[in-house]
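Novice: The following block contains the structure, expressed as structure tokens.
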Amino acid sequence: MKQVVSDIWQWSWFSEEKQLDFNGLFLMIGDHKILVDPPPMTAEARAVVRRHEPIDYIIITNRDHLREAAGYQAELGCQLRVPDADATQMDVKPTKTYQEGELLPGGIWAIHLKDQKSPGESALFIERGQGVLIVGDALIGRPSGSVSLLPPEKYVDIQQARDGLRRLLKYNFDCLLVGDGVSILSGAKLQVERLLR
């Protein structure tokens, strides 16, 4: 587990199938301790998280990033928040769902992204410092230092998906923390702009 920005740590689990890292985040924002899209934890990651118990929330960005959330929710006794539009397509009962524009615990803004792989695909925005944007499947951190989209067959209409992502450019962020691939810790908005030209 490594600290990627102030009060945010990331750990990774390598997917042999996808040939890239699946990333989870541990946020300590104000009084809140939050996991985002948690894949299996390394022993080191688990030790760091357990050292900071109690964990308050697990936030999921889309139906396919549930990953190990159900197990960690039971183990850590925390609340589970999922996108409202994906809730019926998930095999868990969330504590609460969230929607576009909602302010989540820790001052995290929910951004619903239309026409993506799943109907509830959401980004999370933390407005502090230079700005931190967290994405699930909306953007993939590959190749390292840049971003890409999922394969075209994952979308109903890839052009609409690209158009749906353009709203991210309304936000001021320097750091992009991705659920899949390599996160970009500075200059991230420029990389997103390049992709969506």
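Just so you know, all these numbers are worked out from the coordinates, no wet-lab data involved. Since the structure is predicted, the reported quantities are computational estimates derived from the model, not experimental observations. When we count neighbours, we look across all protein chains shown, and the Cβ atoms used for this are built from the backbone with ideal geometry, even at glycine.
Novice: How would you rank 34-47, 131-144, 56-69, highest first, on the average number of other Cβ atoms within 10 Å across their residues?
Specialist: 56-69, 131-144, 34-47
Novice: Stretch residue 43-residue 127 to full length: gain in nm at 0.36 nm per residue minus the Cα-Cα span? Before the final figure, lay out the partial values.
Specialist: On the way: separation 84, 0.36 × 84 = 30.24 nm, distance 3.09 nm.
Extra length available between residue 43 and residue 127 comes to 27.1 nm.
Novice: Something else now. In deg cm²/dmol, rounded to 500, what helix-only [θ] at 222 nm does the chain give when every DSSP H run of at least 4 residues adds -39500 (n - 2.57) and the total is split over its residues? All intermediate terms of the calculation are to be shown ahead of the outcome.
Specialist: Values: 4 runs with 34 residues, N = 197.
Rounded to the nearest 500, the figure is -5000 deg cm²/dmol.
Novice: Quick one: Karplus J couplings for the stretch 119-128, per residue in order, coefficients 6.51, -1.76, 1.60, θ = phi - 60°, nearest Hz, x for Gly and Pro?
Specialist: So the Karplus estimates, Gly and Pro as x, are x, x, 3, 9, 10, 10, 10, 10, 8, 7 Hz.
Novice: Per-residue HN-Hα couplings for the stretch 79-95, Karplus 6.51 cos²θ - 1.76 cosθ + 1.60 at θ = phi - 60°, whole Hz, x for Gly and Pro?
Specialist: My calculation for the stretch 79-95 gives 7, 10, 10, 9, x, 4, 6, 9, 4, 6, 9, 10, 8, 9, 10, x, 5 Hz in order.
Novice: How many percent of DSSP beta bridges within the stretch 2-196 run antiparallel, rounded to 5? Working shown, then result.
Specialist: On the way: 30 of 44 bridges.
Given both bridge residues lie in the stretch 2-196, the antiparallel proportion sits at roughly 70 percent.
Novice: When only Cα pairs under 8 Å and 6 or more residues apart are kept, what is the percent relative contact order across the chain?
Specialist: On the way: 434 pairs, mean separation 29.7, N = 197.
In percent, rounded to a whole number, it is 15.
Novice: So, one more: Report ³J(HN,Hα) in whole Hz for each residue of the stretch 145-152, in order, from the Karplus equation J = 6.51 cos²θ - 1.76 cosθ + 1.60 where θ = phi - 60°; Gly and Pro get x.
Specialist: x, 9, 10, 9, 9, 5, x, x
Novice: Could you list which residues have their amide H under 5 Å from that of residue 180, counting only those 5 or more apart in sequence or on another chain, with H placed in the peptide plane?
Specialist: Amide H to amide H, under 5 Å and 5 or more residues apart or across chains, residue 180 pairs with 23, 141.
Novice: Now, a different point. In whole percent, what relative contact order does the stretch 1-113 give with Cα contacts below 8 Å and a gap of six or more residues? Please report the intermediate quantities before stating the final value.
Specialist: Numbers: 208 pairs, mean separation 19.1, N = 113.
Contact order relative to length: 17 percent.
Novice: A further question follows. In terms of Cα to Cα distance under 17 Å, which aspartates and glutamates are near enough to residue 117, apart from those fewer than 8 places away along the same chain?
Specialist: Excluding near neighbours in sequence, the set is 37, 64, 84, 86, 100, 137, 153, 157, 163, 180.
Novice: Here's something else I'd like to know. Which length gain, in nm to one decimal place, applies between residue 17 and residue 3 when the Cα-Cα distance is subtracted from 0.36 nm times their residue separation?
Specialist: Details: separation 14, 0.36 × 14 = 5.04 nm, distance 2.65 nm.
2.4 nm is the gain from fully extending residue 17 to residue 3.
Novice: Now a separate question. Please report how far the C-alpha centroid of the stretch 145-197 lies from that of the stretch 33-104, rounded to the nearest whole angstrom.
Specialist: 23 Å
Novice: Give, in nm to one decimal, the length gained when the segment between residue 51 and residue 197 is fully stretched (0.36 nm per residue of separation minus the Cα-Cα distance).
Specialist: Working: separation 146, 0.36 × 146 = 52.56 nm, distance 4.38 nm.
Between residue 51 and residue 197, full extension yields an extra 48.2 nm.
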